Amino acid sequence: NAGVTQTPKFQVLKTGQSMTLQCAQDMNHEYMSWYRQDPGMGLRLIHYSVGAGITDQGEVPNGYNVSRSTTEDFPLRLLSAAPSQTSVYFCASRSRDSAYNEQFFGPGTRLTVL
Amino acid sequence: AQTVTQSQPEMSVQEAETVTLSCTYDTSESNYYLFWYKQPPSRQMILVIRQEAYKQQNATENRFSVNFQKAAKSFSLKISDSQLGDTAMYFCAFMKPISGGSQGNLIFGKGTKLSVKP
């Protein structure tokens, strides 16, 4: 199993550009989520999904869109990038029925918006 | 709303010594889960240890153990025999059980940067 994969690993954008951060998992997990990590702020939840076709907002959803058309994929879209979105982005997944409730994290994407 | 507080932004310890990282949280729930995650310079988030609130026994994983004080809402991590590879950011996280309206989202503290010195 590859676990949770994220592409790209690094990205530089100009203000106003759009892009999609990709996330995929091969563990058949129902739950997937996106976090952003900023210095001194820990990880904050952007959006999450409890299954295909179901998404909801987290703590910091503004400026981001998500959709979940398959169990495996959960892309995060920035429609018009802003410097405030410079951050490290993590995707995570978890089995809804796991007795251990462990979330598995991808390797992260470092995004810089100029 | 739940909050998680890590009051030590940075700590250092000598190799082979013991260090304790602090975490407090605020919740009105009686059942929940607590986690410590390690983030080395590689950036990968690695689960170190977990604790279920309904279990009184403190969790242990090899050199890592927790001191869970439910009444005080405290969840500290003790690292024994510190190794150079323990150098990392450590995040404390809280999760409500997956039931009712909860989807089991993680709430993180701001992290403690631990440096292990040779």
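Just so you know, all these numbers are worked out from the coordinates, no wet-lab data involved. This is a predicted model, so every value here is computed, not measured. All Cβ positions, glycine included, derive from the backbone under ideal geometry; neighbour counts span all protein chains shown.
With neighbours defined as other Cβ atoms within 10 Å of a residue's Cβ, the residues B:Asp81, A:Asp38 order from fewest to most as B:Asp81, A:Asp38.
Among A:Val50, A:Val66, A:Val12, which one shows the highest mean-square fluctuation when chain A is modelled as a Gaussian network with alpha-carbon springs under 10 Å? Among A:Val50, A:Val66, A:Val12, the largest GNM mean-square fluctuation belongs to A:Val12. Summing charges over neighbours of B:Glu15, with a neighbour being any other residue whose Cβ is under 14 Å away from its Cβ, gives -1 when K and R count +1 and D and E count -1. Amide H contacts for B:Met89 (H built 1.01 Å from N in the peptide plane; partners 5 or more residues away or on another chain; cut-off under 5 Å): B:Gln39, B:Leu114.
Once you order the gyration tensor axes a ≥ b ≥ c over the Cα atoms, which shape class does segment A:1-53 get: rounded for a/c under 1.5, otherwise prolate or oblate by comparing a/b with b/c? Prolate, since a/c reaches 1.5 and a/b exceeds b/c.
Summing +1 for each Lys or Arg and -1 for each Asp or Glu among the other residues whose beta-carbon sits under 13 angstrom from that of B:Ser80 gives -3. Taking chymotrypsin sites (Phe, Trp or Tyr not before Pro) across segment A:33-114, the ones in a DSSP loop with at most 12 further Cβ atoms lying within 10 angstrom of their Cβ are A:Tyr100. The charge dipole of segment B:23-118, taken about its Cα centre with unit charges on the Cβ atoms of Lys, Arg (+1), Asp and Glu (-1) only, comes to about 180 debye.
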